[in-house]
Every structure is written in structure tokens, then in C-alpha cells.
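In what follows, a structure is listed as C-alpha cells, so that the remarks can point back to it.
The values are calculated or read from the model by the stated rules, or taken from the named source; none is laboratory data. No experiment lies behind these values; they were computed from the predicted model shown. Positions of Cβ are generated from backbone atoms using ideal geometry, with glycine treated the same way; all protein chains shown enter the neighbour counts.
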Amino acid sequence: MNPDKTCFAASVRKRIIEATLHAGVSHIGGSLSVVEVLRCLFNGILGIDAKNLWSRERDQLVLSKGHAALALYAVLVEKGFLPEELFQEYGQKEETVMGIHPELGIPGIDAATGSLGHGLPIGVGFALSFRMKNQPFHVFVLAGDGEFNEGSNWECLPIALHYRLDNLTLIVDRNRLQLSGFTEEMHPLEPLGEKFSAFGWDVKEVDGHNMEAVGEVLREAKNRKNGLPLVVIAQTVKGRGVVEIENKVDSHYCGISPEVARKYLDVSFQGGSGVIP
Ligand SMILES: Cc1ncc(C[n+]2csc(CCOP(=O)(O)OP(=O)(O)O)c2C)c(N)n1
């Protein structure tokens, strides 16, 4: 293991594709859409390193869209936080902690998620606890846009404002798709930013695949002291990087053929260059 090494979006994408190929099926679409956000969080935003990996006394990340666990595992293994042998168990073993959804007990996983609509409530609790204990840590919650079908998410918004939780940042992966269709056709969310604003939250929008822009907005998020919780709406593409499934409903939970996988896995890349963005 080489703890705390830089991870690159291209290598994370390759791992997601390879693991999907071997497992036969995964939540590949929603995993590929959050690669840049996770990569930025783990490269210099989250105060997490090999020494405090298991600690609650550090910034916390709640992957509320728990079905995208494969993306998080891929980042953790690239960072050297998750052992390679454990990662290789994904989709290969009945008895493994490398499940479809993240569980406590896996290095770098701060909350067990998978049942949608619970990550933000957990994140509000973490942030409130840091505030009450006067601890300087920040909480990031990464949620899907389809997750805003869940009333529990909306119930949290006034609570976070009431407690002035500027140590809380919600990132919404706005890929405009949910399990079986486009959000605006199934459960319309727009104008999403205005809805968060109406709850008194600060709102920012960013191109969720532009690493520099994402890094900047998340760095600023961590340094805020204005008493307002923040939502970052990250405009993304479901399945990003694998053109065969990009922006397709079926990308939610599917396999990848060896031919398609080979197209992406065979390219030689160094540090993020190559065909896979
Ligand atoms: C409470 C709950 N209801 C239903 C599901 C099944 N489910 C898994 S993913 C998903 C769609 C989520 O959409 P979104 O949050 O937009 O995820 P993305 O499209 O980014 O993968 C659903 C309904 C679940 N995990 N939890």
C-alpha cells in the first residue's frame, strides 16, 4: 500500500469499468457521474489521511447515494486507503464487505448508506455534533438528484439552517436521471437551486466534471463562516466517460460487454490523460 497517493479520475473510471466487467453488473452510471467530485474531495479537500482514517475527529463524508459505492471504493483503493485485495472482492465473493452499498468497517467509509434519503439527515447530525463540541471539522454529503423524491431530505433543510450549519456541504449529483427515467419527467425538481434558496441555504452550481471548478467550489465550501449551510449542484452526466451508456436510463444498473470494456481499458494512460476523461 502507498497511503495518501494522488488519485486520478481516469484510473478511477478504469477501476469502475473493470470491476463492472468482472462483476457482470453494477450501478455504473451513477458511479461514473461522481468520479470528479469524489476525486477532488479526496485530493486535498477532505482532511483525511492514513493516520486518521478510522477517526470521527476529522471531516466526514456521507455517500448518500450509496448505490455509487463502487466509485468510492475505487477512489479509496487508488488513494491507498483500501487494500487492493479487498477491492478485488467486489462482485466476486458472497461473504465480503465490498457490497453494492457502503458499510461501516470499510476503511474510509463514514456512514452506512443505500436506503436513499438518509445521508443528509446523518450529515446534519454529524455537523451539529461538531458544532456542539466546538470541533473544526466539515461534513460533506453527496446525494443523487433522484434522492430528492425523498421527503426526509427536504425535512432536513430547515433544521440545518436553524442550527446555522455552515460546516455542512450538500453536493447534489445533478445527472438528471434516476432509476427508471429522467427526473424532470418522473418527479420534476426544477427550479432546484431556487428551492434550496427558499429554505435559506446558500446555493452554488458547478460543472461536476470540471476538476478545477469542482476543486475550487469545494475548497471555498470548507472555509465558509456565514452561518448558512451550502448546497453545490454539480451538473453531471450519468455514465460519463463510457459513451455507449452516457445519459441513458439503462446505465443505472447494467453490465458492460468485454468489447466495450476493452475499448476503455486498453488505452495506455498516465495520470489522467488518455481516452477516458
Ligand atoms: C429508500 C429507497 N428507495 C428506493 C431505492 C432504490 N433505488 C436505488 S438507486 C435509485 C435511484 C436514485 O436516483 P439518483 O439518486 O438520481 O441516483 P443516480 O441516478 O445518480 O444513480 C433508487 C430508486 C433505494 N435505494 N432506497
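Out of the residues in the stretch 174-191 that are part of a loop (DSSP other than H, G, I, E, B) and within 7 Å of the ligand (Cβ to nearest atom), which is farthest from Glu205 (Cα to Cα)?
From the stretch 174-191, those part of a loop (DSSP other than H, G, I, E, B) are 175-176, 178-181, 187-191; that's our starting set.
Filter once more, keeping what is within 7 Å of the ligand (Cβ to nearest atom): 175, 178-179.
Working: Asn175: 13, Gln178: 19, Leu179: 23 Å.
Here the residue is Leu179.
Which one is nearest to Leu21 (Cα to Cα), of the residues in the stretch 75-90 that are part of a loop (DSSP other than H, G, I, E, B) and in contact (Cβ under 8 Å) with a residue 24 or more places away in the chain? Give the steps one after another, and end with the answer.
So in the stretch 75-90, the residues part of a loop (DSSP other than H, G, I, E, B) come out as 80-83, 88-90.
Next, from what is left, pick out any that are in contact (Cβ under 8 Å) with a residue 24 or more places away in the chain: 80-83, 90.
Values: Gly80: 22, Phe81: 23, Leu82: 20, Pro83: 20, Tyr90: 11 Å.
Among those that are part of a loop (DSSP other than H, G, I, E, B) and in contact (Cβ under 8 Å) with a residue 24 or more places away in the chain, it is Tyr90.
Checking the conditions here, which among Val124, Val62 is among the β-branched types (Val, Ile, Thr), in contact (Cβ under 8 Å) with a residue 24 or more places away in the chain and within 16 Å of the ligand (Cβ to nearest atom)?
On the way: Val124 fails: within 16 Å of the ligand (Cβ to nearest atom).
Answer to the selection: Val62.
Could you tell me whether the stretch 40-59 includes any residue that is modelled with pLDDT of 95 or more, surrounded by fewer than 17 Cβ atoms within 10 Å (Cβ to Cβ), over 23 Å from Asp207 (Cβ atoms) and within 14 Å of the ligand (Cβ to nearest atom)? No - not one qualifying residue is present in the stretch 40-59. Is it the case that the stretch 158-167 has a residue that's closer than 23 Å to Phe81 by Cβ, over 19 Å from the mean Cα position of the chain (by Cα) and at pLDDT 95 or above? No. For the stretch 153-173, a tally of residues being near the ligand (Cβ under 9 Å from one of its atoms) and not in a strand (DSSP E or B) returns 0. Looking at His162 and the list (1) touching a residue at least 12 places away in the same chain (Cβ under 8 Å); (2) within 24 Å of Ser129 (Cβ to Cβ), which single condition is not satisfied? If we test His162 against (1) touching a residue at least 12 places away in the same chain (Cβ under 8 Å); (2) within 24 Å of Ser129 (Cβ to Cβ), just (1) comes out false.
Determine, yes or no, whether Asp110 is within 10 Å of the ligand (Cβ to nearest atom), outside any helix (DSSP H, G or I) and of a type in the set (D, E, K, R). Even if it seems obvious, please write down each step before you answer.
Numbers: within 10 Å of the ligand (Cβ to nearest atom): no; outside any helix (DSSP H, G or I): yes; of a type in the set (D, E, K, R): yes.
Considered against the rule, which asks whether it is within 10 Å of the ligand (Cβ to nearest atom), outside any helix (DSSP H, G or I) and of a type in the set (D, E, K, R), Asp110 comes out as no.
Look at the stretch 202-222: where a residue is over 16 Å from Phe140 (Cα atoms) and a partner is at pLDDT 95 or above and assigned to a strand (DSSP E or B), sitting 6+ places away or on another chain with Cβ atoms under 8 Å, you get Asp207/Ala234; Asp207/Gln235; Ala213/Val206; Ala213/Asp207.
Within the stretch 74-82, is even one residue under 24 Å from Ala221 (Cβ atoms) and surrounded by fewer than 20 Cβ atoms within 10 Å (Cβ to Cβ)? Spell out the reasoning first.
Just the residues of the stretch 74-82 that are under 24 Å from Ala221 (Cβ atoms), to begin with: 74-76, 78-79, 81.
Next, only the ones that are surrounded by fewer than 20 Cβ atoms within 10 Å (Cβ to Cβ) stay: none.
Looking for residues that are under 24 Å from Ala221 (Cβ atoms) and surrounded by fewer than 20 Cβ atoms within 10 Å (Cβ to Cβ), one finds none in the stretch 74-82, hence no.
Pairs, please: C-beta under 7 Å, at least 6 apart or cross-chain, first residue farther than 24 Å from Met186 by Cα and in the stretch 137-151, second more than 7 Å from the ligand (Cβ to nearest atom) and hydroxyl-bearing (Ser, Thr, Tyr)? Final answer for the pair search is His138/Thr169; Phe140/Thr169.
From the list Gly200, Gly241, the lone residue that is more than 14 Å from the chain's Cα centre (by Cα), of a type outside the set (Lys, Arg), assigned to a loop (DSSP other than H, G, I, E, B) and surrounded by fewer than 16 Cβ atoms within 10 Å (Cβ to Cβ) is Gly200. When Leu53, Leu72 are screened for being closer than 23 Å to Gln235 by Cβ, in contact (Cβ under 8 Å) with a residue 24 or more places away in the chain, out of contact with any Cys (no Cβ under 6 Å at 6 or more places or on another chain) and aliphatic (A, V, I, L, M), only Leu72 passes.
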